[in-house]
Amino acid sequence: MNDLELENVLKKVNEELTSVGDLNTLQQVKAKYLGKKGLLAIFMSNLKNLTIEARKEFGSMTNQVKQALENRFEAKRKELEDKLINYKLNSEAIDVTLPGVKFNTGSIHPLQKTIMELEDLYISMGYTVAEGPEIETDEYCFEKLNLPKGHPARDMQDTFYINPELLLRSQTSPVQVRTMLAEKGKPIKIICPGKVYRRDADDATHSHQFMQCEGLVLGRDVTMADLKGALLEMARLMFGDERNIRLRPSFFPFTEPSVEVDVSCGKCGGKGCSMCKNTGWIEILGAGMVNNNVLRMCGYNPDEVQGYAFGIGVERITMLKYRVDDIRNFYINDVRFLNQFKEVK
Ligand code: PHE
């Protein structure tokens with residue numbers, strides 16, 4: 001062991017480091033020289049065999065070499081770390097000019113859209129939105145609406161019965177009954193959108209489950225003119241400002257007089273075409289002044305309070321608005337159909 005050997009150590013380390021390309025290998029090389037059992041440690045342990053003079057000189061030289069090695073290893077470590085960071089920066093760089101990934105977006109279902117529009121309109125006119133259960137009692141769905149058991153008008157709605165007293169509601173009109181019983185003679189101004197069920201065979205214009213939006217307004221001087229105004233607003237909102245409505249006499253057990261309401265045909269402007277069967281008009285809903293029997297059965301005095309009710313077919317007006325020719329399209333969730341409504345605002 002002599003000076004030459006020490007100098008050689010430095011040379012050898014420099015040589016070895018040129019081929020070191022990663023931090024792990026660097027650590028191993030460093031341990032070989034500077035570790036507890038490394039070469040420098042062996043040099044140090046041999047110092048005790050030297051004379052005091054030689055020990056001094058050789059000891060200080062060993063320390064210098066040790067310092068030089070540490071500097072060298074540190075420099076190499078920095079170099080490798082910088083290389084790694086640069087590599088990562090380059091390989092993980094984001095090319096902001098690449099085209100983006102397109103996500104499929106959903107859209108509001110056309111029936112839901114209609115309901116939201118009806119709610120906005122009627123809320124702006126001072127109505128509130130009421131709700132009722134889809135499993136109803138025979139009493140609320142029929143009897144209190146002036147349709148006693150055995151009444152022939154019950155045939156107008158073929159109903160799913162759960163038992164003789166419980167049924168799937170065939171109309172949203174029982175919400176009228178519930179609201180009147182709860183309000184106990186006070187004025188009422190509600191709409192009630194919701195699902196209804198009928199024992200109809202499904203085809204292009206029938207569905208065993210569909211939606212209605214009921215309206216009920218009760219107060220002191222509520223007249224049929226108010227009813228017409230409320231429905232004209234609705235028709236113009238849904239179909240356009242140029243549309244008109246007309247009221248035709250009809251029959252519902254819970255209203256007297258009763259009307260069926262038509263909207264002027266949008267395709268021919270009222271002249272007559274295949275869409276309106278040459279009449280210029282298309283039926284959109286049923287309505288009327290609340291029957292006195294209903295008022296009485298629900299706790300209202302017909303001498304003091306009167307009002308109107310209407311029942312809008314949500315599918316019906318949505319089909320007319322968007323020219324949908326098969327009601328089943330609303331329920332099967334075919335995205336090709338639903339996508340048509342993405343752009344509809
Ligand atoms: N409930 C009736 C129907 O389903 C519609 C309607 C509601 C008619 C309110 C008049 C008043 O056919």
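The values are calculated or read from the model by the stated rules, or taken from the named source; none is laboratory data. Computed from a predicted structure; not experimentally measured. We place every Cβ from the backbone using ideal geometry, glycine too, and count neighbours over all the protein chains shown. The accessibility values were calculated without ligands, DNA or RNA, using every heavy atom of the protein model including side chains. Shrake-Rupley method; radii C 1.70, N 1.55, O 1.52, S 1.80 Å.
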- [ ] For region 1-109, give the percent of accessible area contributed by carbon and sulfur heavy atoms, probe 1.4 Å, rounded to a whole number.
- [x] 55
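Which pairs in the list LYS30/LYS66; LYS184/LYS228; LYS186/LYS228; LYS144/LYS184; LYS113/LYS195 are over 18 Å apart, alpha-carbon to alpha-carbon?
Working: LYS30/LYS66 11 Å; LYS184/LYS228 26 Å; LYS186/LYS228 23 Å; LYS144/LYS184 15 Å; LYS113/LYS195 15 Å.
Those over the limit are LYS184/LYS228; LYS186/LYS228.
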Open item on the list: Keeping every protein chain present and rolling a 1.4 Å probe, give me the accessible area per residue for region 110-341 in Å².
Closed with: 47
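Leaving out ligands and nucleic acids, note down the accessible area per residue over region 3-91 with a 1.4 angstrom probe, in whole Å². Before the final figure, lay out each step's value.
Details: 6360 Å² over 89 residues.
Ligands and nucleic acids excluded, the result is 71 Å² per residue.
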Open item on the list: If I measure Cβ to Cβ between cysteines in the chain, which ones have no partner under 4.7 Å?
Closed with: CYS141, CYS192, CYS213, CYS298
Task: Cα centroid separation - region 74-114 against region 133-173, whole Å - done: 60
TODO: Starting from the Kirkwood radius over alpha-carbon pairs of the chain, derive D by Stokes-Einstein at 10 °C in a medium of 1.306 mPa s and give it in µm² s⁻¹.
DONE: 59
Task: Those aspartates and glutamates that a straight Cα-Cα span of less than 16 Å connects to LYS277, excepting residues fewer than 8 apart in one chain - done: ASP262, ASP325
TODO: Could you give log10 I(q)/I(0) at q = 0.15, 0.18, 0.20, 0.23 Å⁻¹ for region 3-91, computed by the Debye formula over C-alpha point scatterers of equal weight, without solvent?
DONE: -0.61, -0.79, -0.92, -1.12
Open item on the list: Given a 1.4 angstrom probe, I'd like the percentage of the accessible area of region 246-345 that is carbon and sulfur, rounded to a whole number.
Closed with: 47
- [ ] For region 205-223 and region 284-345, compute the distance between their C-alpha centroids and round to whole Å.
- [x] 6
